[in-house]
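Just so it is clear, none of the values below were taken in a lab; they were calculated from the coordinates. This is a predicted model, so every value here is computed, not measured. Positions of Cβ are backbone-derived with ideal geometry, glycine not excepted, and every protein chain shown enters the neighbour counts.
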């Protein structure tokens with residue numbers, strides 16, 4: 001079994017972004033459409049506001065998220081996925097398919 | 001924009017496993033077939049042996065990896081994906097597709 005394997009650097013980079021803690025869940029929420037900060041925060045209760053703000057800045061720097069500031073009273077800030085961000089959807093769809101097959105939900109476990 | 005969003009717990013659990021640092025890359029290597037410890041270690045140079053051993057134990061406990069011990073001199077330990085582990089392949093395939101579209105490889109960047 002002498003084989004030399006190596007991992008593609010592009011794959012590694014992509015996985016570091018998509019796989020980074022919270023990023024998948026944040027992108028999942030934003031796939032529903034543009035969101036205010038508080039909507040994302042409410043959808044992922046375990047994620048602190050501070051961490052969410054840091055992640056959104058990173059995702060913006062990576063070109064996955066657009067931050068839109070609507071000046072007014074009060075100032076409204078919305079976040080939306082760029083095309084690059086939206087195209088992560090098939091990855092998340094496959095994660096859903098896998099999860100649905102291999103994990104029993106809490107509700108189903110109670111019935112059994 | 002008053003909507004209530006929530007993230008599916010099964011998806012969250014799946015993402016915690018697949019997205020956890022190194023797991024995606026380890027699964028990627030094991031998709032090539034059964035591997036000795038050293039082959040996985042060689043394929044992911046930045047990953048320490050200690051961390052790789054810890055991750056393999058976790059993946060085994062989650063039912064994604066089978067550890068096979070072939071007694072003899074020397075003892076041979078091989079790792080392979082279970083069916084549950086193999087079925088992560090479509091997730092990784094979509095990560096590849098996204099990475100190929102959105103990242104310029106180091107080689108291509110040099111040409112441009």
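Some notes on this structure:
- For residue B:96, the label point sits 7 Å beyond Cα toward Cβ; its separations from the matching points on the remaining copies run 2.4 nm, from shortest to longest.
- Mean per-residue shielding of peptide A:13-26 is 6, counting Cβ atoms of other chains within 10 Å of each Cβ.
- Our summary of shape: the Cα atoms of the stretch A:1-99 have principal axis extents of 66, 27, 24 Å, ordered from largest down, in whole angstrom.
- Per-residue mean of C-beta atoms belonging to partner chains within 10 Å, peptide A:54-62: 0
- Helix B:49-61 axis, angle to chain B major axis (alpha carbon atoms, nearest 10°): 80
- Other-copy label distances relative to residue A:75, 7 angstrom Cα-Cβ extension, nm: 6.2
- Its relative contact order, with pairs defined as Cα atoms under 8 Å and 6+ residues apart, puts chain B at 23 percent.
- Per-selection Rg to Rh, the protein assembly as shown - Cα, Kirkwood hydrodynamic radius: 1.02
- Descending by average beta-carbon neighbour count within 10 Å, the peptides B:8-16, A:47-55, A:11-19 line up as A:11-19, B:8-16, A:47-55, the highest first.
- When both the stretch B:1-74 and the stretch A:5-83 are represented by their alpha-carbon centers, they are found 24 Å apart.
- When peptides A:58-65, B:76-83 are sorted by average Cβ neighbour count within 10 Å, with the highest value leading, the order is A:58-65, B:76-83.
- Based on DSSP H segments of at least four residues, each scored -39500 (n - 2.57), the protein assembly as shown has a per-residue ellipticity at 222 nm of -16000 deg cm²/dmol.
- Residue of A:74, A:45, A:90 that the Gaussian network model of chain A assigns the largest fluctuation, springs spanning Cα pairs under 10 Å: A:74
- Take A:93-100, B:30-37 and order them by the average number of nearby Cβ atoms within 10 Å per residue, most first; the result is A:93-100, B:30-37.
- With respect to the axis relating copies A and B by rotation, the chain A residue whose beta carbon is closest, plus that distance in Å, is A:19, 2.
- Inter-chain Cβ neighbour average for residues A:45-52, partner chain, 10 Å: 1
- Across the identical copies, how the residue B:13 labels are spaced - nm, sorted shortest first, 7 Å along Cα→Cβ: 3.5
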